[in-house]
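The values are calculated or read from the model by the stated rules, or taken from the named source; none is laboratory data. Keep in mind the model is a prediction, meaning the values are calculated, not measured. As a convention, Cβ positions derive from the backbone with ideal geometry for all residues, glycine included, and neighbour counts pool all protein chains shown. Ligands, DNA and RNA are stripped out before the accessible areas are found, and what is left, the full protein with its side chains, is counted by its heavy atoms. Shrake-Rupley method; radii C 1.70, N 1.55, O 1.52, S 1.80 Å.
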Amino acid sequence: MAEIIVVTSGKGGVGKTTSSASLACGLARAGKKTAVIDFDVGLRNLDLIMGCERRVVYDFVNVVNGEASLRQALIKDKRFENLFVLAASQTRDKDALTKEGVEKVLKDLGEEGFDFIVCDSPAGIEKGAFLAMYFADRAVVVVNPEVSSVRDSDRILGLLSSKTKKAEDGGRVQEHLLLTRYSPRRVEAGDMLSIKDVQEILGLEVVGVIPESPEVLQSSNAGVPVILDEASPAGQAYTDAVARILGEERPMRFTTVEKKGFFSKMFGA
Ligand SMILES: Nc1ncnc2c1ncn2[C@@H]1O[C@H](COP(=O)(O)OP(=O)(O)O)[C@@H](O)[C@H]1O
Ligand SMILES: [Mg+2]
């Protein structure tokens with residue numbers, strides 16, 4: 001059976017799509033057959049970040065409406081043969097997805113032998129976000145180290161523990177905290193919440209801390225998820241996060257201010 005992971009957050013623009021793309025790539029690279037689904041109806045960002053936007057013929061809504069089969073709509077990644085993307089529809093109808101439709105797609109993916117299904121959620125508490133989390137086994141809650149993002153995440157945690165199938169069946173969704181756009185320098189300056197602060201407020205185990213880094217935007221523009229940029233701190237931090245999702249223990253990296261050496265101080269490198 002496929003394990004369903006929702007990548008969710010209270011606020012928009014915190015790094016959900018960036019994280020969904022990198023986590024899905026990382027899981028595929030680790031040998032897991034993985035599908036990543038864009039639940040953000042009307043926006044369609046994931047295919048851009050995955051670099052397959054020109055190959056989108058059918059989308060998630062087409063499959064839900066029976067206008068295309070799952071096999072027709074799944075876009076096979078060019079880098080990993082066990083990685084597939086299901087793009088969001090650009091329809092303006094936010095109600096195009098239904099609970100029954102989503103359930104069938106997830107079930108069919110399970111029957112196709114997928115190990116992981118990563119659901120890239122839209123922000124907030126609209127229907128798309130609810131559908132993205134409803135069938136989840138696990139949730140990666142993406143949070144930026146600032147008060148508004150943490151507060152809105154708290155609301156999402158409430159929904160995960162009440163409005164999901166797992167919760168309705170008396171169980172619970174396994175929750176992970178993924179801190180993104182983390183800047184040790186700004187934490188030290190008191191402009192941002194620390195990892196410990198966020199962890200204490202939300203009471204969640206941290207599955208990864210992704211540093212703020214310019215390579216993220218560069219990678220997105222190039223259609224290459226940043227996890228594949230092995231030289232970048234963000235890429236390495238996502239690699240660690242995937243390993244932790246798969247049960248490995250790894251120390252956190254890139255969480256303290258790098259002390260500059262003599263030469264970089266002199267020459268500003
Ligand atoms: N670690 C990071 N460092 C720098 N920029 C980031 C980082 N993570 C995300 N971003 C940027 O933040 C913006 C929002 O990211 P996105 O993944 O689209 O968020 P969401 O899906 O939550 O709306 C994008 O411009 C993205 O490039
Ligand atoms: Mg997004």
Answer residue from segment 110-135, given it is farther than 20 Å from Arg151 by Cα and of a type in the set (Val, Ile, Thr) and is farthest from ligand 2 (Cβ to nearest atom) among those: Ile117
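Among the residues of segment 45-52, is any within 20 Å of Asp152 (Cα to Cα), within 12 Å of ligand 2 (Cβ to nearest atom) and polar (S, T, N, Q)?
The initial filter retains those residues of segment 45-52 that are within 20 Å of Asp152 (Cα to Cα), namely none.
No, segment 45-52 contains no residue that is within 20 Å of Asp152 (Cα to Cα), within 12 Å of ligand 2 (Cβ to nearest atom) and polar (S, T, N, Q).
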Check Ser153, Ser161 and return the single one that is of a type outside the set (D, E, K, R) and in contact with a Gly (Cβ under 9 Å, 6 or more places away or on another chain). Ser153
So, of the residues in segment 29-46 that are within 16 Å of ligand 1 (Cβ to nearest atom) and out of contact with any Gly (no Cβ under 9 Å at 6 or more places or on another chain), which turns out to be most open to solvent (accessible area, probe 1.4 Å)? Leu43
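Residues checked against (1) over 17 Å from Phe39 (Cα atoms); (2) under 20 Å from the mean Cα position of the chain (by Cα); (3) among the aliphatic types (A, V, I, L, M); (4) assigned to a helix (DSSP H, G or I):
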position	(1), (2), (3), (4)
Arg71	yes, no, no, yes
Arg79	yes, yes, no, no
Arg92	no, no, no, no
Leu97	no, yes, yes, no
Glu100	no, no, no, yes
Lys104	no, no, no, yes
Leu109	no, yes, yes, yes
Gly113	yes, no, no, no
Ile117	no, yes, yes, no
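For segment 107-127, what are the residues that are among the charged types (D, E, K, R), open to solvent by 30 Å² or more (accessible area, probe 1.4 Å) and under 22 Å from Leu159 (Cβ atoms)? If you could, list the steps in order and put the result at the bottom.
Going through segment 107-127, the residues among the charged types (D, E, K, R) turn out to be 107-108, 111-112, 115, 120, 126-127.
Retained after the next criterion (residues that are open to solvent by 30 Å² or more (accessible area, probe 1.4 Å)): 107-108, 111-112, 115, 126-127.
Once the filter is applied, which keeps residues that are among the charged types (D, E, K, R), open to solvent by 30 Å² or more (accessible area, probe 1.4 Å) and under 22 Å from Leu159 (Cβ atoms), segment 107-127 yields Glu126, Lys127.
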Take the residues in segment 204-245 that are surrounded by fewer than 18 Cβ atoms within 10 Å (Cβ to Cβ) and within 16 Å of ligand 2 (Cβ to nearest atom); name whichever of them is farthest from Arg186 (Cα to Cα). Gly223
Based on this model, can you work out whether Asp152 counts as open to solvent by 30 Å² or more (accessible area, probe 1.4 Å), over 30 Å from Arg79 (Cβ atoms), of a type in the set (Asp, Glu) and assigned to a helix (DSSP H, G or I)? yes
Identify the residue in segment 30-43 that is of a type outside the set (A, V, I, L, M) and touching a helix residue (DSSP H, G or I) at 6+ places or on another chain (Cβ under 8 Å) and, among all such residues, is nearest to ligand 2 (Cβ to nearest atom). Asp40
Here are some residues: Ala35, Ala21, Ala30. Which one is in contact (Cβ under 8 Å) with a residue 24 or more places away in the chain, over 20 Å from Asp59 (Cβ atoms) and among the hydrophobic types (A, V, I, L, M, F, W, C)? Ala30
Give the residue that is modelled with the lowest pLDDT, with candidates limited to residues of segment 1-29 that are of a type in the set (Lys, Arg) and more than 10 Å from ligand 2 (Cβ to nearest atom). Lys11
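Tally the residues that are open to solvent by less than 10 Å² (accessible area, probe 1.4 Å) and either assigned to a strand (DSSP E or B) or closer than 24 Å to Ser69 by Cβ (or both), restricting the search to segment 137-149.
So the answer is 5.
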